1. Considering every residue within region 179-199, establish whether at least one is of a type in the set (A, V, I, L, M, F, W, C), under 14 Å from I135 (Cβ atoms) and at pLDDT 90 or above.
2. Check whether at least one residue in region 203-210 is under 30 Å from D76 (Cα atoms), assigned to a strand (DSSP E or B) and in contact with a helix residue (DSSP H, G or I) (Cβ under 7 Å, 6 or more places away or on another chain), and report yes or no.
3. Among the residues of region 140-152, write down those that are within 26 Å of T199 (Cβ to Cβ) and either touching a His at 6+ places or on another chain (Cβ under 7 Å) or modelled with pLDDT under 95 (or both).
4. Out of D215, D168, which single residue is charged (D, E, K, R), crowded, with 17+ Cβ neighbours inside 10 Å and free of Cβ contacts under 8 Å to residues at least 12 places away in the same chain?
5. Is there a residue in region 104-123 that is surrounded by fewer than 19 Cβ atoms within 10 Å (Cβ to Cβ) and touching a His at 6+ places or on another chain (Cβ under 9 Å)?
6. Search region 23-71 for residues being small (G, A, S) and over 20 Å from the mean Cα position of the chain (by Cα), and hand back the single one that is nearest to E212 (Cα to Cα).
7. Output the residue which, of all residues in region 23-40 that are of a type in the set (G, A, S) and outside any loop (DSSP other than H, G, I, E, B), is surrounded by the most Cβ atoms within 10 Å (Cβ to Cβ).
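The values are calculated or read from the model by the stated rules, or taken from the named source; none is laboratory data. Keep in mind it's a predicted model, so treat the numbers as computed, not measured. All Cβ positions, glycine included, derive from the backbone under ideal geometry; neighbour counts span all protein chains shown.
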Amino acid sequence: MIGPSESNDVALIASCWTTAGAVSPLDEDQRSPAPFAARVGIAADVGFAGFGITHADIAALNDTIGLNAARDILADSGIQFVELEMLMDWFTIGPSREASDRIRYDLLRAATVLPVRHIKVGSTYGSMHWPMDGIAQELRILSSQAADVGVRIALEPQAMANIRTPQDAMEVIERADHSAAGLLLDIWHIERIRLPLETIRAIPHELIVSTELSDADGHV
């Protein structure tokens, strides 16, 4: 994960999966089995300026050492900022929205304690159509809540989700019209949809909150 540092130089963020160990985004239990302090220390030692934390690990920290202790570990290691993830279904209704709202509350609360730079959000999976204006309205609300705790929302288009391309995400962001809303570009998803790099070059740089670099097998 790449984002600008306070000096406007490029700074690297160790995404949550970089240090998570024997766990993956597809696991039912996404808590890292590795000790938090060890993960932070390794990331800092190899030169990362930022550190990524999943909602599952936020819950685990709440149940163990607490967020204040986690903040101290980050500060002592020299980590400058945190990326939180992952909020899905934030514009849906029913049980999926209820679960999303609980995650939203936890992530926004964590942002009042930890040095959070941005919160990664996706969209939703499945074939149901959601009106663009409704999604934009919900993004405006979410972005306002994020701004209240001093962080930005980084909307990530995902190859298998209903906000699939950077162009889809930019349309939502532009309609939401909130300064805290921006775009996260993940090369994993861009390559999955075979998006020409010329379309990436055309994206206004001020919309980009962060970019994510990764490698992966050819087949998911």
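1. Within region 179-199, one or more residues are of a type in the set (A, V, I, L, M, F, W, C), under 14 Å from I135 (Cβ atoms) and at pLDDT 90 or above.
2. There is no residue in region 203-210 that is under 30 Å from D76 (Cα atoms), assigned to a strand (DSSP E or B) and in contact with a helix residue (DSSP H, G or I) (Cβ under 7 Å, 6 or more places away or on another chain).
3. Within region 140-152, R140, S143, R152 meet the criteria.
4. After applying the criteria, what remains is D168.
5. yes
6. My answer is G47.
7. Among them, the one singled out is A37.
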